[in-house]
Amino acid sequence: MIIKIGAIKNVAQSKLFVISLLIALVLGALPFILGTYQTLLLAYGLIFAIAGLGFNLLLGYTGLLSFGHAAFFGVGAYAVAFAARDLGIKNMELLLLTGILSTFFLSVIFGIFCSGLTRIFFAIMCLALSQVVWVLSNKLYSITGGSDGMSVKWPSILWFDEYSGSGAFHRFIFDYYYYVLVIFCIMVTLMWLLCHSPFGKVLQAIRDNETRAQFVGINIKKCRFISFVISGSLTGLAGTLWVPLTGHITPESLHWPFSGEILFLTLLGGFQNFSGPIIGGIAFTYLKAYAVASTPYWQFVLGVALLLIVIAMPRGIVGLFSSLIARFTSRSERG
Amino acid sequence: MTLLETINLKKSFGENVVVNDVSFNVDDGEVVSLVGPNGAGKTSLVNLLSAYLTPDHGQILFKGRDITSLSVSERIKIGIARSFQIANLFDELSALDNISLSISARSGKTYTFLSLADRDTGVQNEAGNILSLFGLDDKSNIPAKELAQGERKLLDVAVAYALKPSFLFLDEPTSGVSTRDKAKIMDTISSAVRNEGVTAAIIEHDMDIVFKYSDRIVVIADGRIIADGPPENIRDDKDVISVIMGSQGNEV
Amino acid sequence: MDIFILQVLNALFYASILYLIASGFTLIFGVMGIANMAHGSFYAVGAFVTAWSLGFLQSRGVEPWLLVFFLPLGAIAVAILGMLIEPILLRPFYQRAHEYQLLLTFGVLLIIEDGIQMIFGSDPLLVDMVIAPFGSLQIFSFRYPNYNFVVIGTGLVTAFLLWALMYRSRFGVVLRATSQDMRMASAMGINVGKVYVLAFGIGSFLAGLGGAIIVPTQTAVVGMGLEALIIAFVVVAVGGIGSQLGALIGALLVALVRTAGVHFVPEIELAVLFLIAVGVLLWRPTGLLGNAP
Ligand SMILES: Nc1ncnc2c1ncn2[C@@H]1O[C@H](COP(=O)(O)OP(=O)(O)OP(=O)(O)O)[C@@H](O)[C@H]1O
Ligand SMILES: [Mg+2]
């Protein structure tokens, strides 16, 4: 009996593995088909997918809604800008390290404040803390450039450096896309493992029933804290990857409406699924890019889209598709 | 040998004294029933003993050691577990995962981050065994929220049982279950508990079950212990029976 | 001394506006558990509608002292907006997770923020002509516009009316019953839908009123709602979310802190404010006057 379940799971898991591999291959082939701009957009999409994945560890798996994740994203980006400007670091690997360490420390600090709270109180605490960071980024002109922000040059990637001369933009986007793709694949794998590990189950248990989790001997605060730190660091990693691509960072990326956008993309994909925020991150990037390109009132378009999404597919894109597939397979089984 | 002892335990909510000066003890390996009318303070007593509530007054000793100030998780570590009167489960998780969670928490696997939970055959097999012990093996992949009322109560008990406690509190394990299934469930629980030598305190309203399965009966009314003894003695004590039965009359 | 009195008056003025915004927010949260992300935008709509209408009326030759009576237009417009949004947009989602209401109201926020620009353009609007008819008061060495006292008074009167509504009226009983247990209230024969739409309408009206009465003294600018929402969050977090008295005390505290902050640490005054909110949440997660849910 038990062995049988194990076998079924193994089949399902190897299926998943094959599908993921195929998707990764397609993602790897796309830049050869797409133009530079589309490749750039896709890179943004993957980056926001990483941000959403981090955010959803808290929302979907731990049951905590953070309204301050912009702080991690923004600080990850600012850390890169500082390291590049003040320490003269040009190497992306070192910049990544700086970004990850900075957001890790920030998440630890936020986590200490937040992990004792739940529900709206947790959300407000995250919001208040992130707003402190936002205010500082705005007011400390001499360091951050205030609301003008800071610009960031293209870093060197691995052994490829010096993106200059003709075609540099294209080459950088092309190389950087693969850089992001590899990190994306690693992070998706790690997070998938995490979500299906004993610790991942513990988080879901806490989400479902805090009291009972306590009564099986789980240290709830500690688990929430760990989840928070992983979540914040991952969203921070997204910010770190994002800034070389935009070349510019302003306090807007730390401001609370940006936290709202992270929530938006996660729910767009669906927060009850592992893959929801991944799809959501990519879809949101395209949605926003096209809205911004087609009208000055792109927020209006996003808002309408948001309402339509919530009304028409409350479980997100992934939820919609999985219920469609379920309906389809049950029909084909019957007939 | 005395496993658990309470000394003058007291708890009130405002004016309402719900556990009043309760002193009693439970021996190693005993199966004790806690009975009494609705609102007598049985659940509150268990809440005190499992650290869900803190007493206003009094002491709790476990294996001779004062555990009054220990937290929930510390009490679980020394082997005190409980189930709940209203099934208290991880609703989105499967029945099997509900149990595996107890097992991995017990065996210190909570902080395992990068290995698949369902590949841990040790935990999976043990969870499967416990599920079949409670007759739930065909429900193993069903989310707890989709189980029937009686199955949820059983799973609730199984989650506590999977912690391998030396002392197990069961708060009305058969409430919400049809009379016919009650005996089956109690048979299951009783044999599981006795085979493992677990000491148990069971809150129960059905007196037939109480008389059949317990070594000793403790009767509580208005927060006080009004009788304490083997089933035969309680059965013959007319006054006590009328207190308990009065409540059953109310219930029906 | 003069400066001190001036600062206190300014703090009270600001507190009054904050209270209007926060009391509406906390009312909506208290009754139906929705953290209305669009609440700050409601405040902005109130300001823009009032500013635009008064400007329009003035251009048609209406006397400034008459214009005063049209100040509440913004509040009424927002109340109508709220009473449309609640039943149409929010009501179908009460059974679902709270995240959806948050997301829906966030969508409304996005729409309103751009909608304001589409309708009113992006030039700031100011209607300071209604201040003059009220005259001003000589306090020691400075003159203080009487209109500011009107704003402070509006806050006080609103606080009293809300209290009377909640604790001295039949509707208040119904409102409190519904906020405690919606299902029970519905079983008792209360028309929960009606209560919700009225509560949402009143809450929206309050935000709109805040915007309507501030616009003679401050320009209505794009983005004013975003800051208002966040400050309202701080007010209710400090005071206790869901508590009306908490909103009043929170508004006073926040106004005092900000006024003092602008005076002493102008650079990081907002940061200080958020840190105070953090401190209160750590010390009492439910705020100064909130009761544990
Ligand atoms: N958290 C609480 N706050 C206030 N009063 C409480 C609380 N918990 C229990 N009580 C009161 O304590 C008294 C005892 O309740 P308890 O649940 O312990 O009774 P019980 O013996 O388990 O009853 P039942 O057989 O109905 O489960 C009751 O009067 C109840 O109302
Ligand atoms: Mg009970």
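The values are calculated or read from the model by the stated rules, or taken from the named source; none is laboratory data. Every value quoted in this text rests on a predicted model; they were computed, and no experiment measured them. Reconstructed Cβ throughout: ideal geometry from the backbone, glycine too, with neighbour counts over all protein chains shown. With ligands, DNA and RNA removed, areas are computed over all heavy atoms of the protein, side chains included. Shrake-Rupley method; radii C 1.70, N 1.55, O 1.52, S 1.80 Å.
Rounded to two decimals, the Cα radius of gyration of region A:31-96 over 2.2 N^0.38 Å is 1.41. Angle of helix B:95-106 to the longest C-alpha principal axis of chain B, folded into 0 to 90 degrees and rounded to 10: 80°. Over all distinct Cα-Cα pairs of region B:66-125, the Kirkwood formula returns a hydrodynamic radius of 13.4 Å.
With K and R counted +1 and D and E -1, the other residues having a Cβ less than 11 Å from that of C:I34 yield a net charge of 0. Along chain C, counting only chymotrypsin sites (Phe, Trp or Tyr not before Pro) with a DSSP assignment other than H, G, I, E or B and at most 16 other Cβ atoms inside a 10 Å radius, the longest segment between sites is C:141-293.
Annotation for region C:188-266 versus region C:123-184: alpha-carbon center distance of 11 Å. Between helix C:98-120 and chain C there is an angle of about 30 degrees, using the helix long axis and the longest principal axis of the Cα atoms. Rounded to whole numbers, the Karplus 3J(HN,Hα) couplings from phi for region B:22-31 are 8, 10, 7, 9, 10, 7, 4, x, 6, 10 Hz, using 6.51 cos²θ - 1.76 cosθ + 1.60 with θ = phi - 60°, and x at Gly and Pro.
Taking Cβ atoms as reference points and 14 Å as the exclusive limit, the residues near B:S191 contribute a net charge of +1, counting Lys and Arg as +1 and Asp and Glu as -1. Amide hydrogen proximity for B:G29: with H placed 1.01 Å from N in the peptide plane, the residues at 5 or more positions away or on another chain lying under 5 Å are B:T199.
A cut-off of 5 Å between modelled amide H atoms, ignoring neighbours fewer than 5 places along the same chain, links B:L170 with B:S83, B:A201, B:I202, B:I203. Here the Gaussian network model covers chain B, with springs between Cα atoms less than 10 Å apart; of B:T199, B:T54, B:T179, B:T179 fluctuates the most. Compute the accessible area of each residue in region A:285-309 twice, once for its chain alone and once with every protein chain present, using a 1.4 Å probe on heavy atoms, and list those whose area falls by at least 20 Å². So the qualifying set is A:Y297, A:Q299, A:F300, A:G303, A:L306, A:L307. Backbone phi angles across region C:146-156, fed through the Karplus curve with coefficients 6.51, -1.76 and 1.60 (θ = phi - 60°), yield HN-Hα couplings of 5, 4, 4, 5, 4, 5, 4, x, 4, x, 5 Hz in residue order; Gly and Pro are listed as x. With the convex hull drawn around the C-alpha atoms of region A:35-255, the volume per residue stands at 115 Å³.
Using only alpha carbons, the protein assembly as shown has a radius of gyration to Kirkwood radius ratio (Rg to Rh) of 1.02. For the chain pair B and A, the buried solvent-accessible surface (1.4 Å probe, both sides summed) amounts to about 3200 Å².
In sequence order, region A:104-113 has phi-based couplings of 4, 5, 4, 5, 4, 5, 4, x, 4, 6 Hz under the Karplus curve 6.51 cos²θ - 1.76 cosθ + 1.60, θ = phi - 60°, and Gly or Pro positions carry x. Between region C:19-79 and region B:138-177, what is the C-alpha centre distance in whole Å? Their Cα centres are 55 Å away from one another. Could you tell me whether region A:1-140 comes out rounded, prolate or oblate from its Cα gyration tensor? Rule is a ≥ b ≥ c as square roots of the eigenvalues, rounded for a/c under 1.5, then prolate if a/b exceeds b/c, otherwise oblate. Cα axes put region A:1-140 in the oblate bin.
Using a 1.4 angstrom probe on protein heavy atoms only, the contact between C and A buries about 3900 square angstrom of accessible area, both sides summed. Annotation: C:I139 carries an accessible surface of approximately 30 Å², with a 1.4 Å probe and no ligand, DNA or RNA atoms counted. Rolling a 1.4 Å probe across all protein chains gives B:R119 an accessible area of roughly 130 Å². A 1.4 Å probe run over the protein chains yields, for region A:35-255, 33 Å² of accessible area per residue, whole-number rounding.
Give me the base-10 log of I(q)/I(0) for chain B at each q in 0.16 Å⁻¹, Debye formula, one uniform scatterer per Cα, rounded to two decimals. Log-scaled intensity ratios, in q order: -1.21. Contact-buried residues of region A:47-79, at a threshold of 30 Å² lost accessible area versus the chain by itself: A:L65, A:F67 (1.4 Å probe; DNA, RNA and ligands ignored). Computed with a 1.4 Å probe over protein heavy atoms only, the accessible surface of region C:15-222 comes to 42 Å² per residue. Of the chymotrypsin sites (Phe, Trp or Tyr not before Pro) in region A:203-286, not one is in a loop by DSSP (not H, G, I, E or B) with at most 12 other beta carbons within 10 Å.
By the Stokes-Einstein formula, at 0.890 mPa s and 25 °C, region A:215-291 with its Kirkwood radius over alpha-carbon pairs has D equal to 171 µm²/s. Based on Cα contacts under 8 Å between residues 6+ apart, chain C shows a relative contact order of 36 percent. For region B:116-202, what class follows from the C-alpha gyration tensor (a ≥ b ≥ c being the square roots of its eigenvalues): rounded when a/c is under 1.5, otherwise prolate if a/b is larger than b/c, else oblate? It comes out oblate by the Cα gyration axes. Rounded to two decimals, the Cα-based Rg/Rh of region C:23-65, with Kirkwood Rh, is 1.26. Taking the three principal axes of the alpha carbon atoms in chain C, the coordinate ranges are 60, 48, 36 Å, sorted in descending order. Summarising the amide proton neighbourhood of B:I220: residues at separation of 5 or more, or on other chains, whose placed amide H is nearer than 5 Å comprise B:V35, B:G36, B:I226. Per residue, the accessible area of chain B comes to 42 Å² when a 1.4 Å probe rolls over the protein heavy atoms.
Relative to one another, the C-alpha centroids of region A:80-107 and region C:105-120 are positioned 36 Å apart. Of the residues A:L34, A:L306, the one with the largest accessible area comes first in the ranking A:L34, A:L306, computed with a 1.4 Å probe on protein heavy atoms. Between A:A24 and C:L126, the simple spin-label model (points 7 angstrom out along Cα→Cβ) gives 6.1 nm.
Give the angle, between 0 and 90 degrees and rounded to the nearest 10, that separates the Cα long axis of helix B:149-161 from the longest principal axis of the Cα atoms of chain B. Rounded to the nearest ten degrees, it is 80.
For region B:1-74, a/c is not less than 1.5, where a ≥ b ≥ c are the root eigenvalues of the C-alpha gyration tensor, and a/b does not top b/c. That puts it in the oblate class. With all protein chains in place and a 1.4 Å probe, the accessible surface of the protein assembly as shown carries 63 percent carbon and sulfur.
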